[in-house]
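What follows draws every value from the coordinates through simple rules; no lab data is involved. What you are looking at is a predicted structure, and each value in this text was computed from that prediction instead of being measured. Counting neighbours? That spans all protein chains shown, and the Cβs are built from the backbone with ideal geometry, glycine included.
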Amino acid sequence: MTTATRAPRPPSATETAATATTESPSPAAAPSLPSLTGLRWVAALLVFGLHVNNFRYFDGTAGRTVNWAFGAGATGVSFFFVLSGFVLTWSARPGDRAPAFWRRRIARILPVHLVTAAIALLMAYTLAHQTKPTLRQGLANVLLVHSWWRPWWQTLDPVSWSLACEAFFYAAFPLLALLLRRIGGRGAAALAGASVLAVLALAWVDTHHLLGQPIDSLPAARLPEFVLGAAVARLVLLDRWRGPGLEASLALAIIGYFLVPQVTAGYPATTCTVIGFALLIPAAAVADLRGLPSLWRHRRLVRLGELSFAFYMVHLLVLRAGTNVLGVKPRYGVTEGLAVTAVAFTVSLGLSWILYEAVERPARRLLLRGRRRTDTRRPAARQPDA
């Protein structure tokens, strides 16, 4: 299959240029996008800051400052959802079958999920201040369906609710990919606009409590963010993206982030940041493709981005375990608060490195070993993980 037009990029990027067409690119023509990996780390850090704020490590002025900086950190998960749609569309293999795609996604998320669920289960029965799940709750968590039922959405490792959303996105993606391959630039732009309108409509529904429960953890409610990321990726693939540059997109995303306190807590926060994220992600991708300056592809940021999934999955368990030493909501001063935050961050980062090197990478190689033997022609270009 022929490839989509790519903007000029430096010699260090993929060496071959692509030819113009409206078809999706072949795997050989899809260069890596390291800036997206670096941005993943920033989003994970926002979620970490949110949970430090929720655990009330700081009091007084320091507490208010942390709340100002990280009170909107839940939008980091929205960033992950938009990024996931973008990356899966960017790296989609023409002619790929749904079972092969699902196998890769299972290999990507399931090993770390199962290990962190096991750690959470062990903590539930050995540490104080932990909630013990029922058998049904535990099974729903392991199978990644627990976010469909609000009373179960934070079973075991609480952050795994977002994996249940991702599992739903993965189930839907083969059909979405089929649709995207059939539409051109105008269709992709229309799909992106419809996704934004869907987010606004769902925020209105949530604000008026029309469903009788919050929808921020409901996988179906988060699907428009994923579809939005996929639609803008299609525009980049077709060389039809005309959004602002990296600096302007980042500014819009930051403005939206700090507007979050002005709306109802929960799902409506998504309305403040979704457009900024949908501009920032393709802007970062285009910067990589064209060799433009990008802070986000710095080597250390990219390395931290590689650890971001494991960090996201383990950090809240570290904070919850810390309540056995620190107590619940200790409210320290600046020095003590910074010290315990630094310890929690260091432990979380160390555990994320162990999870990445000892679980995530080897398990993925093992689960995909047979597939890779039959796909020896595929180059080893690294793609940002969804």
Exposure proxy check on PHE169, PHE345: fewest-to-most Cβ neighbours within 10 Å is PHE345, PHE169
A correct fewest-to-most ranking of HIS146, HIS208 by other Cβ atoms within 10 Å would be HIS208, HIS146
When the chain is treated as a Gaussian network with springs between alpha carbons less than 10 Å apart, the largest mean-square fluctuation among VAL325, VAL77, VAL340 is found at VAL325
Within the set PRO34, PRO174, PRO99, GNM on the chain using Cα springs under 10 Å gives the largest fluctuation to PRO99
Listed by chain and number, the residues whose amide H is under 5 Å from that of PHE58, excluding neighbours fewer than 5 places away on the same chain and using placed H, are ARG331, TYR332
For region 267-282, Karplus-derived ³J(HN,Hα) couplings (6.51, -1.76, 1.60; θ = phi - 60°; whole Hz; x for glycine and proline) come out as 4, x, 4, 4, 5, 6, 10, 5, 5, x, 5, 5, 8, 5, 5, x
When THR37, THR207 are ranked with the fewest other C-beta atoms within 10 Å first, the list becomes THR207, THR37
Out of PRO362, PRO219, PRO111, a Gaussian network model of the chain with alpha-carbon springs under 10 Å gives the largest mean-square fluctuation to PRO362
With Cα coordinates, the longest principal axis of the chain makes an angle with the long axis of helix 34-54, in degrees rounded to 10, of 20
The distance between the Cα centres of region 68-104 and region 173-226, in whole Å, is 14
